[in-house]
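**Student:** Quick one: this structure, given as structure tokens, is what I'll be asking you about.
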Amino acid sequence: MNYITCDMCKKVVSPPQYDRNYNTVKRLHVCRKCMLATKRDFQDKSEAETKAYDFLVKKEEFVSTVERKCSR
Ligand SMILES: [Zn+2]
């Protein structure tokens, strides 16, 4: 396989280089641009909240954020 399609923006990433121009969240492929945008959104949202999260809760929320964006 010499290309993947980003599940979020539906753009083709070619050639795919893991951790360079795309990443995976569960079974979803997310291009670098979408990943950075999602991380930034998520960071802003987390910082706006006062409660402290533990890492696992945060990870779960990040995954569901990605899934939600991909299902649009
Ligand atoms: Zn994308």
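No lab work stands behind these numbers, since they all come straight from the coordinates. Source: prediction; values computed, not measured. All Cβ positions, even for glycine, are placed from backbone atoms using ideal geometry, and neighbour counts span all protein chains on display.
**Student:** Looking at the range 1-41 only, could you name the residues that are hydrophobic (A, V, I, L, M, F, W, C) and in contact (Cβ under 8 Å) with a residue 60 or more places away in the chain?
**Tutor:** Across the range 1-41, the qualifying residue is only Met8.
**Student:** Every residue in the range 1-30 that is under 17 Å from Arg68 (Cβ atoms) and touching a Phe, Trp or Tyr at 6+ places or on another chain (Cβ under 8 Å), please.
**Tutor:** Cys6, Thr24, Val25, His29, Val30
**Student:** Taking the condition of being of a type in the set (A, V, I, L, M) and in contact with an Asp or Glu (Cβ under 7 Å, 6 or more places away or on another chain), how many residues in the range 17-72 meet it?
**Tutor:** 2
**Student:** If you don't mind, another one. What number of residues within the range 4-55 are of a type in the set (Ser, Thr, Tyr) and more than 22 Å from Arg72 (Cβ to Cβ)?
**Tutor:** 4
**Student:** Scanning the range 20-59 for residues that are within 15 Å of the ligand (Cβ to nearest atom) and charged (D, E, K, R), which turns out farthest from the chain's Cα centre (by Cα)?
**Tutor:** Within the range 20-59, the match that is farthest from the chain's Cα centre (by Cα) is Arg20.
**Student:** Moving on to the next point. Within the group Lys33, Lys69, which residue is in contact with a Ser or Thr (Cβ under 7 Å, 6 or more places away or on another chain) and surrounded by 15 or more Cβ atoms within 10 Å (Cβ to Cβ)?
**Tutor:** Just one listed residue meets the conditions, Lys69.
**Student:** Of the numbered conditions (1) assigned to a helix (DSSP H, G or I); (2) touching a Lys or Arg at 6+ places or on another chain (Cβ under 8 Å); (3) loosely packed, with under 15 Cβ neighbours inside 10 Å, Arg20 fails exactly one; give the number of that condition.
**Tutor:** (1)
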